[in-house]
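Bear in mind that the values in this text are calculations on the coordinates, not laboratory data. Worth saying up front: this structure is predicted, and the values here are computed from it rather than measured. Reconstructed Cβ throughout: ideal geometry from the backbone, glycine too, with neighbour counts over all protein chains shown.
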Amino acid sequence: MSADYHQLRQREIATHEKDKSLYEREVAWHIGKVELEKIRPLDVTQFNPASPFRPRDAGGEEQAANDPMTEAEVLEFFTKLRRIPAQFSRENYLACALLITTCTRKMELLAAPWHEFDLQNRVWHLPKNRTKKRRAIDIPLSDAALLGLEELKIRSCGSDANGNISFDGV
């Protein structure tokens with residue numbers, strides 16, 4: 001039953017692995033091989049320990065942070081980063097710049113192998129197995145993105161360690 005659920009979720013979004021990991025870590029070892037009809041409430045828990053709590057107990061309803069940064073905020077952010085190179089490496093700076101210039105998710109960028117980038121034709125071919133919606137995306141590379149990627153390629157000294165772009169601690 002769990003395998004069927006995870007197979008279904010895998011087709012929907014990439015984050016199904018978090019659900020699967022939680023299940024394997026917290027549930028499967030205890031009741032994972034027990035037939036569904038034989039699982040009793042006491043096998044899971046006597047009560048939900050979080051049931052007395054409401055969203056207001058945790059500070060209220062969660063609000064999505066969908067407010068985009070203004071141009072002034074972006075400029076201030078990068079200006080501040082340039083002032084602290086010892087605390088924020090050049091690789092991390094370039095990663096932040098690439099996230100903004102490509103409008104991609106952090107792990108889509110950080111897990112990208114070099115072969116996905118066609119620098120000559122200025123496009124990043126992001127395959128469907130690495131996107132949230134499971135759709136391939138061709139991302140055009142701006143001049144700034146191209147420069148950042150070319151610098152990262154030089155900084156990696158030809159290394160394709162772990163098959164991914166090399167970022168320092170991002």
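Here are the numbers for this structure:
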| read-out | value |
| --- | --- |
| Residue-count net charge about His125 - beta-carbon cut-off 9 Å; Lys, Arg +1, Asp, Glu -1 | -3 |
| Residue-wise HN-Hα coupling along the stretch 74-89, computed from phi with Karplus coefficients 6.51, -1.76, 1.60 (Hz; x: Gly, Pro) | 5, 4, 5, 4, 5, 4, 5, 5, 5, 7, 10, x, 6, 9, 9, 4 |
| Mean Cβ neighbour count within 10 Å, used as a protection proxy, ranking 109-117, 56-64, 126-134, 78-86 highest first | 109-117, 126-134, 78-86, 56-64 |
| Estimated distance in nm for a label pair at Lys33 and Arg90, the labels positioned 7 Å out from Cα along Cα-to-Cβ | 5.5 nm |
| Which listed pairs, of Lys80/Lys153; Lys18/Lys132; Lys20/Lys133, have C-alpha distances above 20 Å, in listed order | Lys80/Lys153 |
| Thr79-Ala144 pseudo-label distance in nm [points 7 Å out on the Cα-to-Cβ vector] | 1.5 nm |
